[in-house]
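So the structure is just underneath, and the comments pick up after that.
The values are calculated or read from the model by the stated rules, or taken from the named source; none is laboratory data. Please read these numbers as outputs of a predicted model, since none were measured by experiment. In this analysis, Cβ positions are derived from the backbone assuming ideal geometry, glycine residues included, and neighbour counts consider all displayed protein chains. We work out accessible area using only protein heavy atoms, side chains counted, and drop any ligands, DNA or RNA first. Shrake-Rupley method; radii C 1.70, N 1.55, O 1.52, S 1.80 Å.
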Amino acid sequence: MVKEGDIVPGNSHFDTTKGHIEFRKATAVDCTIDEAFDTTLEHPFKGNLDLEKLEKVYQEHPKDKISMCIVTVTCNSSGGQPVSLQNMKDVYELSQKYSIPVMYDSARFSENAYFIKLREEAYKDWTIKEIVAEMYKYADYATMSSKKDGLVNMGGFIGFKDEETYRQACTFNIMFEGFVTYGGMAGRDMAALAVGLDESTEFDYLETRIKQVEYLGEKLREYGVPIQYPIGGHAIFVDANKILPNVPQEEFRAQTLGVELYIEGGIRGVEIGAILADRDPVTRENRFPKLELLRLAIPRRVYTNNHMDYIAAALKNVYDRRHEIQRGVEITWEAPIMRHFTVELEKL
Ligand SMILES: *Cc1c(COP(=O)(O)O)cnc(C)c1O
């Protein structure tokens, strides 16, 4: 669906989604609301798309150059932040007006539904499953990384509303994975996924999981460690610009914080900052995003709250000695695309 020279607007695109778009020599355009870039601001739906920014993209480019609009639910790159149902409806309506299909990048779709139930008045009495069904009325396609809210070890799927595109994709499937019923995923894995999707759309499961993330977030709030608010559904996003302002931006603040936390407590976070933002595909210059975040993604059904206490204490220790950290890291090797997965660094 994405061709060379195309434009693909959305809220903050997930890193590999953006990587795929750029691999096709197309351009991903970020239409996230500005509120998402202020980590201290409490906004219920920081994953929302800015309709004005989106319409501007629709007006400035010919229709056949815009492959689709991608709505990532929840929006990982802006801090695990949800999209409201109202915004989904508005985006869909606007996109229909310009005949642009809408695709949901769905990895955390049920956590997004949980936040809709809690934060969007109209849906407070709806079940998670009803909210999910409502959400998907406003998408033409969906991709799913099932190892997230599918509650399985591996796998994924693509959903289609129109049969024509579905059939085209099935042909690709046979070429690269296998027949649609026994391709990339074995039958028993698909059966496990069916159970996972059912469980992950149960309120009690979501509450237990998200409350644990919140527990960690509240500990960090208590310690004064700056993080993205409101606290995300699957992860805490630590604001490295606020913690390490003395480390030059070119020396990768969030990555530096990640290294320090690993040395301190053996805790592995992931940089959502300039290394992930990668180089501009045309100029090859480093791109410096507004936010330098260290993501602490919490695996579901693995840890106890004691582990959360440990993580918070380790991060507090790093925070307390933040003034001693003056230098960051430099890249000694990087891949030409999606460098953050395999990048090699040296401490300065
Ligand atoms: C994880 C994720 C992906 C990529 O899925 P993989 O299964 O890791 O290839 C895409 N989009 C979002 C929003 C994700 O969270």
Can you say whether THR127 is outside the structural domain of PRO82 (by TED's automatic domain parsing) and more than 16 Å from the ligand (Cβ to nearest atom), as far as the supplied structure shows? no
Is there a residue being of a type outside the set (Val, Ile, Thr), over 28 Å from TYR92 (Cβ atoms) and either more than 16 Å from the ligand (Cβ to nearest atom) or in the same structural domain as SER12 (by TED's automatic domain parsing) (or both) anywhere in the stretch 167-174? no
Set ASP38, ASP64, ASP50: member being away from the ligand (no atom under 15 Å from the Cβ) and farther than 28 Å from ASN241 by Cα: ASP64
Please state which of the following conditions ASP162 fails to meet, knowing it meets all the rest: (1) surrounded by 14 or more Cβ atoms within 10 Å (Cβ to Cβ); (2) more than 17 Å from THR201 (Cβ to Cβ); (3) of a type in the set (D, E, K, R). (1)
Would you tally the residues in the stretch 142-159 being surrounded by fewer than 17 Cβ atoms within 10 Å (Cβ to Cβ), within 11 Å of the ligand (Cβ to nearest atom) and aliphatic (A, V, I, L, M)? 1
Please state which one of VAL57, VAL29 is closer than 23 Å to LEU276 by Cβ, surrounded by fewer than 24 Cβ atoms within 10 Å (Cβ to Cβ), away from the ligand (no atom under 16 Å from the Cβ) and within 19 Å of the chain's Cα centre (by Cα). VAL29
Residue list for the stretch 102-133, filter: open to solvent by less than 10 Å² (accessible area, probe 1.4 Å), touching a Leu at 6+ places or on another chain (Cβ under 8 Å) and without any contact (Cβ under 8 Å) to a residue 40 or more places away in the chain: ILE116
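This table checks each residue for (1) within 15 Å of LEU348 (Cβ to Cβ); (2) within 21 Å of the chain's Cα centre (by Cα); (3) assigned by TED's automatic domain parsing to the domain that holds PHE341.
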site: PRO226; (1), (2), (3): no, yes, yes
site: ASP239; (1), (2), (3): no, yes, yes
site: VAL247; (1), (2), (3): yes, no, yes
site: VAL270; (1), (2), (3): no, yes, yes
site: THR283; (1), (2), (3): no, no, yes
site: LEU296; (1), (2), (3): no, yes, yes
Go through the stretch 20-37 and give me each residue that's assigned to a helix (DSSP H, G or I), charged (D, E, K, R) and under 24 Å from TYR166 (Cα atoms). GLU22
Restricting attention to the stretch 168-191, and to residues there that are in contact with a Gly (Cβ under 7 Å, 6 or more places away or on another chain) and touching a residue at least 24 places away in the same chain (Cβ under 8 Å), which single residue is farthest from VAL152 (Cα to Cα)? GLY184
Give the residue that is surrounded by the most Cβ atoms within 10 Å (Cβ to Cβ), with candidates limited to residues of the stretch 270-307 that are of a type in the set (S, T, N, Q) and under 20 Å from ILE331 (Cβ atoms). ASN286
Assess whether SER99 counts as being of a type in the set (Ser, Thr, Tyr), in contact (Cβ under 8 Å) with a residue 24 or more places away in the chain, on the phi > 0 side of the Ramachandran plot and more than 16 Å from the ligand (Cβ to nearest atom). yes
Looking at this structure, is THR17 part of a helix (DSSP H, G or I) and of a type in the set (S, T, N, Q)? yes
Within the bounds of the stretch 134-142, is there any residue that is without any contact (Cβ under 8 Å) to a residue 60 or more places away in the chain, more than 22 Å from PRO101 (Cα to Cα) and in the same structural domain as GLN96 (by TED's automatic domain parsing)? no
Grab the helices (runs of 4 or more DSSP H) fully contained in the stretch 55-143, keeping just those with 3 or more residues being in contact with an Asp or Glu (Cβ under 8 Å, 6 or more places away or on another chain) and under 22 Å from THR17 (Cβ atoms). 109-119
